[in-house]
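Throughout, read-outs are computed from the coordinates displayed, never taken from laboratory work. For clarity, every value in this text was computed on a predicted model and none was experimentally measured. Cβ atoms come from the backbone with ideal geometry, glycine included; neighbour counts cover every protein chain shown.
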Amino acid sequence: MDKRVKRRLVMETCAVNNGGCDRTCRDTSTGVRCSCPVGFTLQFDGKTCKDIDECQSNNGGCDHFCRNTIGSFDCSCKAGYKLLTDEKSCQDIDECSFERTCDHTCINHPGSFTCSCDRGYTLYGLTHCGDVNECSINNGGCEHGCVNTAGDYYCQCPPRFKLHWNRKDCVVHAGSHIRHSVGSAEDTRSGLHRLPGSPKPLCHRLVLPPPDTNKDSTHPEPERVTPGLCRRH
Ligand SMILES: [Ca+2]
Ligand SMILES: [Ca+2]
C-alpha cells in the first residue's frame with residue numbers, strides 16, 4: 001500500500017476529530033465517510049453539512065408562507081386561514097362555526113368573515129349590532145311623539161288623537177270635541193283623509209302640543225290651531 005494512502009488512512013479515522021466530519025462519520029475501507037442528517041446537504045469538501053433552503057424549491061410545498069430554518073422549514077398561513085395537519089396546506093377558518101361570532105348574522109368568506117344586522121339595527125365594532133334610534137333623525141317622521149324601541153320605533157299621538165294609518169300622522173278621534181271643518185274641493189285633491197263613514201272629505205284641524213311636552217295636550221288652545229297640520233298623507 002502506498003505510504004501516503006496508508007498515512008492518510010491512519011490519520012483519518014472517525015475516532016479522531018470525528019474524521020473531520022461536520023455531523024455523521026463512518027469508517028470505511030477507503031477512509032472516513034461523512035454524511036449529513038435530513039435537511040442538510042454534504043458540501044464538495046465531503047465533510048461540511050450545509051442547511052438546505054427548502055423554501056427555494058416550490059415554496060417548500062407550503063400553500064402560503066415558507067420560512068427556512070436550520071435543518072428544516074416551517075409553513076404558515078395568512079390571517080384567517082389555519083395550517084392543516086400536513087403542515088403545508090392552508091384552509092379558511094369558518095369563523096361562523098364559532099359561537100357568538102356575530103350578534104346577528106355571520107357570513108363566512110375565504111380568509112375573513114362579515115357580520116350583518118337585522119333590520120332596525122346597525123353594525124358596530126365589526127361584530128355587534130346596536131339598535132338604530134330612528135327617533136333621533138327627523139323625529140322618525142312622526143308628526144308628534146316618537147318612541148324608540150329595540151329594533152324598531154313607533155309614533156305616538158297626544159290624547160284625543162289617534163295614529164293615522166300611515167303610522168306617522170295624528171288624526172282626531174271620531175267623537176272628539178276638537179272642531180273640524182268640512183274640506184273644500186282643494187282638500188280632496190290634496191288627498192286629505194276623511195273620517196270613517198263621513199260623506200265628505202274632512203280636513204281635521206289638528207291642535208298639537210309641542211312634541212316634547214304634554215302640557216297643552218288636554219287643553220288645546222284655539223289660537224294654536226294650524227291649518228298647515230291639515231296634512232297630506
Ligand atoms: Ca432548512
Ligand atoms: Ca373565513
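Considering only DSSP states other than H, G, I, E and B, which chymotrypsin sites (Phe, Trp or Tyr not before Pro) in segment 26-83 qualify as loop sites with at most 14 other Cβ atoms within 10 Å?
Of the chymotrypsin sites (Phe, Trp or Tyr not before Pro), the ones in loops of segment 26-83 whose Cβ has at most 14 other Cβ atoms within 10 Å are F44.
On a full-extension model of 0.36 nm per residue, what is the gain between T24 and N138, subtracting their alpha-carbon distance, rounded to one decimal in nm?
Gain on stretching T24 to N138: 32.8 nm.
Mind sorting R167, R160 by how few other Cβ atoms lie within 10 Å of their own Cβ, fewest first?
Result, fewest neighbours first: R167, R160.
Roughly how many nanometres apart are two label points built 7 Å out from the Cα toward the Cβ at F44 and A15?
Distance between the two pseudo-spin positions: 3.4 nm.
For S76 and C96, compute 0.36 nm times the residue count separating them, minus their Cα-Cα distance, and round to one decimal in nm.
Taking 0.36 nm per residue and subtracting the Cα distance, the gain is 5.0 nm.
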